[in-house]
Structure formats: structure tokens, C-alpha cells
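The values are calculated or read from the model by the stated rules, or taken from the named source; none is laboratory data. Owing to the predicted nature of the structure, the values given are computational and were not obtained by experimental measurement. A quick note on method: Cβ atoms are made from the backbone with ideal geometry, for glycine too, and the neighbour counts reach across all protein chains shown. With ligands, DNA and RNA removed, areas are computed over all heavy atoms of the protein, side chains included. Shrake-Rupley method; radii C 1.70, N 1.55, O 1.52, S 1.80 Å.
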Amino acid sequence: MPESRVVIVTGGTSGIGKAIALAFAKIGHKVAINGFGTHQDIDSVLAELTAAGADQVLHVPSDMTKTHEIQKLMESVEQKLGACQILVNNAGIQHTARIEDFPADKWDQIISINLSAAFHTMRLALPAMQKNNFGRILNIASVHGLVASVDKSAYVAAKHGIIGLTKVAALENANYNITANCVCPGWVKTPLVEKQVEAIALRENLSMETATEKLLSEKQPSGRFVPLEELAALCVFLSGDNASSITGMSLPVDGGWTAR
Ligand code: NAD
């Protein structure tokens, strides 16, 4: 078992973030999450993390659109668990519409949650990482950080942006044993994607099963969702001592999507 490290997973109450938080819990790290949910949902995620083996757990209810709440997240974790050693910027939202129809407030919200929030957590986490000569930054981008799709202007812009931000962090911190990488998933079955399947089913009068097949067949050659556990295992590997030379990279986990 590696030494217990302090991990923050933003958006750790659901989907990919929850799976990543669980994987870090299983190797005995101290796991802090943020993200929305009812008290009951959040207590149940924290109980799952504890049962999985987390050294300590914490939920901080910060809204990632608000800079002062992001600061509160980082300060609360430092006070209660210690300085962040592994930072996973995962919180994200989606909205689909053509550019000319895209609501301006949705653009601002997506850019702030999917991109600017990662800048804020990184600027606040890096000084202690540099002082301690250890840090792992994992930014959950997307295949949409590498290629585009119609109707996703804000999401594609934010995800391309986070890949650039990650490369800068990698270069600036290459001499501090701090790595910064992006994980770029294809379709993963989470509430974020289920909403898109429902929209296809409704728009084209299809069953959920047929809408799912349509969604996968258009982009993902494997024809199946990327398993959450595979993304989580990659994050654990990238955060470990054996990944100290992998930095500034964007790793697709996409069933062949970006190979086309
Ligand atoms: P999800 O909807 O299951 O989870 C999103 C999480 O972000 C939740 O915990 C939610 O509470 C949190 N969140 C949303 N807005 C927030 C805010 N303002 N402040 C704090 N927390 C907030 O989604 P997911 O599919 O697990 O997505 C996680 C990440 O993975 C996102 O960055 C997404 O873009 C990326 N991603 C997902 C897929 C996919 O197919 N599901 C593919 C590629 C990339």
C-alpha cells in the first residue's frame, strides 16, 4: 500500500468523479470531494469511500463557478486533511445548442466550471506541491479536448482550453516532481451522458436502448461505454510514483473515437 496522500476530486459526488474518488479510497488515501447532491446522497458517497478503505473523507459543498468558494474548498481540505497532493479537476457540465442559439449564460457557466475552476484549484494547490516537491494534477478533459462535435461550442472550447492549461502547468512544474496530465474519455455512462441519450430518444422518437446505440455508433468504434473503473485505474496510475515522467499529456480513453 502506498503512503496515504491527500486527494481532492471535484465533482466527486457522481459519475466519473465518484469512481475516481473510490479508486483512491481503495488504496488508503485521504479523499476530499466536492459536488452537488442531497445530504443523504453525499453521506452515502462518504460512507462508500470510508468502506472502500479511505484514510479520511471530507465533502466540501463549494460551487465551482464561484472563485471564493473554490478558495474555501482548498482551505478546508488543507485545514482538515493537509495540503493537497493529488488534485483531480473533474467537475463538469454540458449544454448542447448551435452557436447562434447557445445561451450566453450557459457559455459562461460551462467555461467557469469546466475550465476556470481548474485554473483556480491549480493556482491554489501548486505552492504547497512545489514546497513539498510532489504533486499530481489530473484534469478530466474529454475527447472533445482533442476533436470537435456540433452543438458543443462551450464544452469543446473549455476542454481544448484545459488541455492547453495542463501543458503550461506541466512545463512550469517539471522540476518539482509535479506532473499535470489530462484524461480524455469518450462516452461514459453517467448522468451527464444519460441526459444526452434522453434528448436523442425524445427528438427522434426512439427507445432509450436504440438512442444509446445511435449515440455510441456515431462516434465510438468499440460500440460500448468506457467503463468507469478503467478511467479510475488510469488516474491512480498517473498519480503514482511510477508515472513521474508522464507530464503534459492528454490520454484518450475512448474506444477508438479519436483514431478515426
Ligand atoms: P456527472 O454529471 O455524473 O458529474 C458531474 C459532477 O460535477 C457532479 O458531482 C456535480 O455535482 C459536479 N458539478 C457540476 N456543477 C458543479 C458546480 N457548479 N460546482 C461543483 N460541482 C459541480 O458527470 P460525469 O459524466 O461524471 O462528468 C465528469 C467529468 O467528466 C466532466 O468534466 C465531463 O466533462 C467529463 N467527461 C464525461 C464524459 C462522459 O461520457 N460522461 C466524457 C468525457 C468527459
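Quick look at the numbers
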| quantity | calculated |
| --- | --- |
| Test: Val147 is away from the ligand (no atom under 11 Å from the Cβ), among the aliphatic types (A, V, I, L, M) and open to solvent by 10 Å² or more (accessible area, probe 1.4 Å) | yes |
| Residues within the range 34-56 that are more than 10 Å from the ligand (Cβ to nearest atom) and either of a type in the set (D, E, K, R) or open to solvent by 40 Å² or more (accessible area, probe 1.4 Å) (or both), tallied | 11 |
| Neighbours by Cβ (under 8 Å, 6+ apart or cross-chain): first from the range 103-118, over 30 Å from Arg136 (Cβ atoms); second outside any helix (DSSP H, G or I) | Pro103/His95; Pro103/Ala97; Lys106/His95; Lys106/Ala97 |
| Flag if Phe24 is assigned by TED's automatic domain parsing to the domain that holds Gln109 and either open to solvent by less than 10 Å² (accessible area, probe 1.4 Å) or touching a Phe, Trp or Tyr at 6+ places or on another chain (Cβ under 9 Å) (or both) | yes |
| Close pairs (7 angstrom Cβ cut-off, 6 or more residues apart or separate chains): modelled with pLDDT under 95 in the range 135-148, near the ligand (Cβ under 7 Å from one of its atoms) anywhere | none |
| Residue check for Ala148: farther than 20 Å from Ile93 by Cβ and of a type in the set (A, V, I, L, M, F, W, C) | no |
| Test for Ile8: is it within 14 Å of the ligand (Cβ to nearest atom), crowded, with 17+ Cβ neighbours inside 10 Å and assigned to a helix (DSSP H, G or I) | no |
| Options Val226, Val236; residue that is of a type in the set (Val, Ile, Thr) and more than 16 Å from the ligand (Cβ to nearest atom) | Val236 |
| Residue selected from the range 11-30 under the condition away from the ligand (no atom under 13 Å from the Cβ) and in a helix (DSSP H, G or I), by the criterion farthest from Asn114 (Cα to Cα) | Lys26 |
| Selection count, the range 164-202, where residues are more than 23 Å from Lys214 (Cβ to Cβ) and within 12 Å of the ligand (Cβ to nearest atom) | 2 |
| Conditions (1) closer than 27 Å to Pro227 by Cα; (2) surrounded by 15 or more Cβ atoms within 10 Å (Cβ to Cβ); number of the one not met by Ala170 | (1) |
